[in-house]
Amino acid sequence: MKHLRIVILLSFVFAILTPCSALARSYDVSSVSFDTTLEEDGSLSVTEQREYRFSGAYNGIYWDLPRGQYEGRKIDPDLGSVAIVTDNGLVTLTKGPSGEQGTFDLDSQPDHYRLTIAWPAEDETVTFQVSYRLPQLATRWSDVGELYWQYVKADPDSDVAWQNVKARVKLPVPDGEAVEPGKNVQAWAHGPADGVVSFDGDSVEFFSPAVGTRDFLEMRVTLPQEWLAEASQQGQARLDTIVGEEHKWVAEANAKRRAARLTSWGIPGAMVAIGAAGFAMTGIQKRRSKQKDVKAQFDDTYFRDVPSKDHPAVLGMLYHNGQLTEEEFTATLMCLTDQGRLTLEPMPGEKTGLLGKSKGEGAWRLVGNENAFIKPADDVAGVREIDDAAYNFLFDVIAPKAAHSDGAGSRPSVLTSDFEQVAHSAASDYYDGYQGWYSAVAQAYEQCQYRVYSAEGSDVSGLAGFAGIVLTLFIAGAGILLNAPMLPVALALCFGFAGSVCLMLADASGPSYVLTQEGAEVKAKLEALRRWLLDFTRLEEAIPTDVVLWNRLLVMATVLGVADKVIEQLKVALPHLLLDQNFGAYSWYSDMQGIARCPST
């Protein structure tokens, strides 16, 4: 239940944080390319391709071509052709009425031309191509030629970013001359900080992996003014101004890159640090909780008797750190047989033994004796209640619902096969009955005061974990607003949030109880008794032969999980003891071993 609560909490939070995928149609622009040629008169011929991936049905797209004044230049594109790129080549569209398939229409606006391209598409990828010319875009100054062009304009009203944007500018290099990067030709890009500028022969190439709707892309290239021989020359010199502006902007861009790196790595790093701190503090909290157990004064290697008069199931719960196992139920049934309240009788003629195992002497039944004399429990807390709860589980829950007639007469009885049968046919009653015994053991365990509740550190851990969650979500929100890469932010968010939750639940996931001095002493003796039960035949000392003592010791060996090894040693060291009819614990164990596995399943 503890882990289930954590999973539900995390699932709920991440369900809130994770945006649901829209079921409506959508599209994205997966790649954009500009293949351009700069002419000697300063004009720029452009062939632009955009790859659209459509999810859902669309009738076509809108395509805007910029026009108007830009950086002192007039931009007025001349439209060339509109086409669709297919595997078999280009499909050229014609100008026609808006909405007619395979046509385009051109509408003039104050700051742009809008192309309406009618090309129906549904759940497919389509590449559109538009060719146009920008007359006299470049300027020929007295000392340098300059191409300054914003080829991707910011569009805050759109919600679709462009991916993989490439631009290639072929320069008008005269015969006998060549591009010398950084010398006669310089190039700069303005836009996202991860853009790249490179040279390839007579061309300058620009690339940006992604351009958001609030971003833009510009190219600026200087070249010898003689290469623009057919362009009209402006009177003033411009190169020093251009270089000065670019150096200033490069410094600003580098500062933005450093901020971007801080955003990209600092935000995830901060969340990872929060998560790591949460995990580390959780471990410290657990170790602190474990270290609070007092140290037992008993430090002998071996202990040769039952360390207290408590019920064996209670001692088993102490030994197993507050948990009940199937061995404790087995030990309770052994106690009932020792009292005479429970009798084991073979079932002649039955060929199927316990849990489906073949037994030559037949199966067994547990027969109750309500009139058996019950020895007083010396006022030990819970002993009578534990035995009564187990007895009631057998004969008030299992027996009335079992489908058998075993010839036990008026005495209540339970067959070994009844456990599994009733667990399936009456699961709710079966569970309630077993829980009655479980609760009796747990209540007696609490009455013994072998442990006390320790809440120290829970408030600090809870507040620190809650603060970690709030801080993680705050940092993640800042990362989203600052356009940090989503993958590292998402991974770090998971780590930071999980670490904070672990810290907040440190006390729930670690021990909340610590042993008292008495509990530590009894547990230390139980551990020493277990060591003796494993080693008693190898020790140079007399082995006790008292049957009453061995009845108690074998019950404890069952609780401590070493009964099989004890029996093997007794077969060698005290074989006559196993033949003694008063050694009821051995008879019960050898014939009925494993019956208590049924309740726990």
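The values are calculated or read from the model by the stated rules, or taken from the named source; none is laboratory data. All figures in this text were calculated on a predicted structure; none of them were measured in a lab. Note that each Cβ is placed from the backbone with ideal geometry, even for glycine, and that neighbours are counted across all protein chains shown. The area values use the complete protein model at the heavy-atom level, side chains included, leaving out ligands, DNA and RNA. Shrake-Rupley method; radii C 1.70, N 1.55, O 1.52, S 1.80 Å.
Is there a residue being under 30 Å from Pro544 (Cβ atoms), in contact with a Phe, Trp or Tyr (Cβ under 7 Å, 6 or more places away or on another chain) and at pLDDT 65 or above anywhere in the stretch 347-359? No - not one qualifying residue is present in the stretch 347-359.
Report yes if Val46 is closer than 28 Å to Ala229 by Cβ, in contact (Cβ under 8 Å) with a residue 40 or more places away in the chain and surrounded by 14 or more Cβ atoms within 10 Å (Cβ to Cβ), otherwise no. Steps first, please.
Values: closer than 28 Å to Ala229 by Cβ: yes; in contact (Cβ under 8 Å) with a residue 40 or more places away in the chain: yes; surrounded by 14 or more Cβ atoms within 10 Å (Cβ to Cβ): yes.
When the stated conditions are applied, Val46 passes them.
The set of residues in the stretch 544-575 being open to solvent by 10 Å² or more (accessible area, probe 1.4 Å), small (Gly, Ala, Ser) and under 51 Å from the mean Cα position of the chain (by Cα) consists of Gly561 alone.
Counting only strands (runs of 3 or more DSSP E) that sit completely within the stretch 46-121, those holding 3 or more residues that are under 47 Å from the mean Cα position of the chain (by Cα) correspond to 57-66, 78-86. Per the conditions (1) at pLDDT 95 or above; (2) among the polar types (S, T, N, Q); (3) open to solvent by 80 Å² or more (accessible area, probe 1.4 Å), the sole criterion not satisfied by Asn88 is (1).
Which ones in the stretch 161-176 are in contact (Cβ under 8 Å) with a residue 24 or more places away in the chain and over 13 Å from Asp35 (Cα atoms)? Hits for the stretch 161-176 are Ala161, Trp162, Gln163, Asn164, Pro172, Val173, Pro174. When Glu122 is tested against (1) of a type in the set (Asp, Glu); (2) closer than 22 Å to Val169 by Cβ; (3) out of contact with any Pro (no Cβ under 9 Å at 6 or more places or on another chain), exactly one condition is not met: (2). Within the stretch 142-164, can one find any residue that is part of a loop (DSSP other than H, G, I, E, B), surrounded by 14 or more Cβ atoms within 10 Å (Cβ to Cβ) and of a type in the set (Phe, Trp, Tyr)? The answer is no; no qualifying residue exists. Quick one: is Glu245 at pLDDT below 90 and either open to solvent by 70 Å² or more (accessible area, probe 1.4 Å) or under 24 Å from Phe206 (Cβ atoms) (or both)? The answer is no for Glu245. Taking the criterion of being open to solvent by 30 Å² or more (accessible area, probe 1.4 Å) and of a type in the set (Val, Ile, Thr), the residues of the stretch 99-126 that qualify are Thr116, Thr125. With respect to Trp188, is the statement that it is in contact (Cβ under 8 Å) with a residue 60 or more places away in the chain and in contact with a helix residue (DSSP H, G or I) (Cβ under 6 Å, 6 or more places away or on another chain) true? When the stated conditions are applied, Trp188 passes them.
In the stretch 395-406, is there at least one residue being modelled with pLDDT of 85 or more, under 23 Å from Thr325 (Cβ atoms) and outside any loop (DSSP other than H, G, I, E, B)? Yes. Restricting the stretch 189-223 to residues that are open to solvent by 60 Å² or more (accessible area, probe 1.4 Å) and not charged (D, E, K, R), the residue that is nearest to Pro172 (Cα to Cα) is Phe199. The C-beta contact set for the stretch 418-436 (first residue among the acidic types (Asp, Glu), second residue open to solvent by less than 30 Å² (accessible area, probe 1.4 Å), distance under 6 angstrom, 6+ apart or interchain) comprises Asp418/Ile398; Asp418/Ala402; Glu420/Cys598; Asp429/Val397.
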